[in-house]
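S.K.: Shown below is the structure under consideration.
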Amino acid sequence: MKPSPESRPMKDAVLAFKPDPRGSSPLYLQLAQKLAQIIRDGHYKAEEALPSERTLSDALHISRVTARKAIDQLVDQGLIVRKRGSGNYIAPKLEQPLSRLTSFSEELRQRGYTPGSRWLSRAVTLALPDEQLSLGLSPGTRVARLERLRLADDAVMAYEVSVIPESVLPNPLAVDGSLYECLTASGKAPARALQHIRALNADEKLAERLEVPTGQAVLFITRVGYLETGQAVELTHSYCRSDYYDFVAEMRR
């Protein structure tokens, strides 16, 4: 049985926090900045429990309101995930290599997380002009359109829209978890893919879906997957929380 956040020992890095009463920032912001730096420096691992508000309050001789507001800041930054009835935990971080074609679910399971989806829409519609171009489809071609939030241990990691030709995926409701697992079962999983990544600022609607502040930078990823024959079978647009994602590329000379 894992110890609760109440019973875990306070790390020295946290105990080293000394508020500056003459500083221009409120005390809760000073604490939030200190905790954020401690997390980014690796003193806590993903999924590790952060000391509770009461523990922080007692150890640092601050009010529980101050501790709560500091943790609220970390939640807003995506560094902390609140689990109801359990405590505050370091948010998962997905490091995805650019040299290997894997699904979201595969990457998460390999790192010990539980992948999940919050479905927004699964339907068959007409392909839009840009989708026709990306997938090499004729005007009037129908496609399966999958729209969902991608989750890691219930934390929202990304908003994703996948478009698959109807001839490849006639029933979008057949996709319950991993799209690639569903396509593999029918012998139509991509063998290679081209992926483009750029940054953009989340508008109000996207920010609400990703549970981030409006205007926060996110990673916009477009992937086109191909069969060995060269047929395009997948177009996926992913809007990923930049605080949860790292992309790694190995380069040699």
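The values are calculated or read from the model by the stated rules, or taken from the named source; none is laboratory data. Keep in mind that this is a model prediction, so the values were computed, not measured. Every residue, glycine among them, receives a Cβ derived from its backbone with ideal geometry; neighbour counts consider all protein chains shown. For accessibility, only protein heavy atoms count, side chains too; no ligands or nucleic acids. Shrake-Rupley method; radii C 1.70, N 1.55, O 1.52, S 1.80 Å.
To keep it simple, each residue is scored yes or no on (1) of a type in the set (A, V, I, L, M); (2) touching a Ser or Thr at 6+ places or on another chain (Cβ under 6 Å); (3) in a loop (DSSP other than H, G, I, E, B); (4) under 22 Å from LEU227 (Cα atoms).
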residue	(1), (2), (3), (4)
LEU169	yes, no, yes, yes
GLY187	no, no, yes, yes
LEU194	yes, no, no, yes
GLU208	no, no, no, no
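S.K.: For segment 35-59, what are the residues that are in contact with a Pro (Cβ under 8 Å, 6 or more places away or on another chain), open to solvent by 20 Å² or more (accessible area, probe 1.4 Å) and of a type outside the set (Asp, Glu)? Show your work before the answer.
M.R.: So in segment 35-59, the residues in contact with a Pro (Cβ under 8 Å, 6 or more places away or on another chain) come out as 46-47, 49-52, 55, 59.
Add one more test, that the residue is open to solvent by 20 Å² or more (accessible area, probe 1.4 Å), and what stays is 46-47, 55, 59.
If the condition is that a residue be in contact with a Pro (Cβ under 8 Å, 6 or more places away or on another chain), open to solvent by 20 Å² or more (accessible area, probe 1.4 Å) and of a type outside the set (Asp, Glu), then ALA46, THR55, ALA59 are the ones that fit.
S.K.: Are any of the residues in segment 226-249 in a loop (DSSP other than H, G, I, E, B) and at positive phi?
M.R.: From segment 226-249, those in a loop (DSSP other than H, G, I, E, B) are 227-231, 242-244, 249; that's our starting set.
Cutting the leftovers down to at positive phi gives us 230.
Yes, the conditions are met somewhere in segment 226-249.
S.K.: Here is a further query. Exactly one condition in (1) at pLDDT below 95; (2) more than 16 Å from GLU107 (Cβ to Cβ) is false for VAL168; which is it?
M.R.: (1)
S.K.: Do any residues in segment 122-134 that are open to solvent by 80 Å² or more (accessible area, probe 1.4 Å) have Cβ atoms under 8 Å from those of residues that are assigned to a helix (DSSP H, G or I) and not aliphatic (A, V, I, L, M), where the two are at least six apart or on different chains, and which pairs are they?
M.R.: Qualifying pairs under 8 Å: none.
S.K.: Further question: Considering only residues that are of a type outside the set (Phe, Trp, Tyr) and touching a Lys or Arg at 6+ places or on another chain (Cβ under 7 Å), which ones fall in segment 212-226?
M.R.: Initially, segment 212-226 is screened for residues of a type outside the set (Phe, Trp, Tyr), giving 212-219, 221-225.
If the condition is that a residue be of a type outside the set (Phe, Trp, Tyr) and touching a Lys or Arg at 6+ places or on another chain (Cβ under 7 Å), then VAL212, VAL218 are the ones that fit.
S.K.: Given the residues HIS237, HIS196, which is the only one that is at pLDDT below 90, under 20 Å from ASP130 (Cβ atoms) and of a type outside the set (Asp, Glu)? Give the derivation first.
M.R.: Numbers: HIS237 fails: at pLDDT below 90.
Going through HIS237, HIS196 in turn, just one is at pLDDT below 90, under 20 Å from ASP130 (Cβ atoms) and of a type outside the set (Asp, Glu): HIS196.
S.K.: So which of ARG223, ARG241, ARG148, ARG142 is closer than 19 Å to PHE104 by Cβ and either without any contact (Cβ under 8 Å) to a residue 12 or more places away in the chain or open to solvent by 20 Å² or more (accessible area, probe 1.4 Å) (or both)? Walk me through how you get there before you give the answer.
M.R.: Details: ARG241 fails: either without any contact (Cβ under 8 Å) to a residue 12 or more places away in the chain or open to solvent by 20 Å² or more (accessible area, probe 1.4 Å) (or both); ARG148 fails: either without any contact (Cβ under 8 Å) to a residue 12 or more places away in the chain or open to solvent by 20 Å² or more (accessible area, probe 1.4 Å) (or both); ARG142 fails: closer than 19 Å to PHE104 by Cβ.
Going through ARG223, ARG241, ARG148, ARG142 in turn, the sole match is ARG223.
S.K.: I'm trying to understand the selection: among the residues of segment 116-162, which are charged (D, E, K, R) and assigned to a loop (DSSP other than H, G, I, E, B)?
M.R.: Once the filter is applied, which keeps residues that are charged (D, E, K, R) and assigned to a loop (DSSP other than H, G, I, E, B), segment 116-162 yields ASP153, ASP154.
S.K.: Restricting to segment 190-217, give me the number of residues that are surrounded by 16 or more Cβ atoms within 10 Å (Cβ to Cβ) and free of Cβ contacts under 8 Å to residues at least 40 places away in the same chain.
M.R.: Summing the residues that are surrounded by 16 or more Cβ atoms within 10 Å (Cβ to Cβ) and free of Cβ contacts under 8 Å to residues at least 40 places away in the same chain in segment 190-217 gives 3.
S.K.: Being at pLDDT below 80 and open to solvent by 50 Å² or more (accessible area, probe 1.4 Å) is true for just one of LEU98, LEU27, LEU79, LEU94. Which residue is that? Break it down stepwise before answering.
M.R.: Numbers: LEU27 fails: at pLDDT below 80; LEU79 fails: open to solvent by 50 Å² or more (accessible area, probe 1.4 Å); LEU94 fails: open to solvent by 50 Å² or more (accessible area, probe 1.4 Å).
Step by step, each of LEU98, LEU27, LEU79, LEU94 is checked, and only LEU98 is at pLDDT below 80 and open to solvent by 50 Å² or more (accessible area, probe 1.4 Å).
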